[in-house]
Amino acid sequence: MRIVRGDLLHLARQGDFDVIIHGCNCQCAMGKGIALAIKQQFPAAYAADLATAKGSAAKLGTYSSASLETDAGTLTIVNAYTQFHWNGPGVKVDYDAI
């Protein structure tokens, strides 16, 4: 395993890798953590999320994606639907969806 340290989104912009896969909930929120940073810096990834059915549990285990051009080449961001909701106590991830 290769360990990479640094700002994930900055490294992606400079071409250190060409795909980001991050876990999303099914609510089309992208309101916290890495999802919020992706939403702010790569609006096309959020637009791909918004093109899915908000609040649909059928999205679990599926994904949406957006490819965009950076100075270093094409970057694809994959919104992997790994949790139904973000609210409330306890573990939110759906391991079967992963």
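Filter segment 61-98 down to residues that are touching a helix residue (DSSP H, G or I) at 6+ places or on another chain (Cβ under 7 Å) and either of a type in the set (A, V, I, L, M, F, W, C) or within 18 Å of Met30 (Cβ to Cβ) (or both), then give me how many there are.
Total satisfying the criteria: 10.
Kindly establish whether Ile38 is surrounded by fewer than 18 Cβ atoms within 10 Å (Cβ to Cβ), within 13 Å of Asn79 (Cβ to Cβ) and touching a His at 6+ places or on another chain (Cβ under 7 Å).
Criteria not met by Ile38.
Among residues belonging to segment 1-28 that are touching a Leu at 6+ places or on another chain (Cβ under 9 Å) and part of a helix (DSSP H, G or I), point out the one that is surrounded by the fewest Cβ atoms within 10 Å (Cβ to Cβ).
Once the filter is applied, the top-ranked residue is Arg13.
What's the total number of residues in segment 34-92 that are of a type in the set (A, V, I, L, M, F, W, C) and in a loop (DSSP other than H, G, I, E, B)?
Count: 8.
Please go through segment 71-98 and give me each residue that is surrounded by fewer than 14 Cβ atoms within 10 Å (Cβ to Cβ), in contact (Cβ under 8 Å) with a residue 40 or more places away in the chain and either touching a Phe, Trp or Tyr at 6+ places or on another chain (Cβ under 9 Å) or on the phi > 0 side of the Ramachandran plot (or both), ordered by number.
Correct list: Gly73 only.
Here, each number is a calculation from the coordinates, and none is a lab measurement. Computed from a predicted model, the values in this text were never measured in an experiment. A quick note on method: Cβ atoms are made from the backbone with ideal geometry, for glycine too, and the neighbour counts reach across all protein chains shown.
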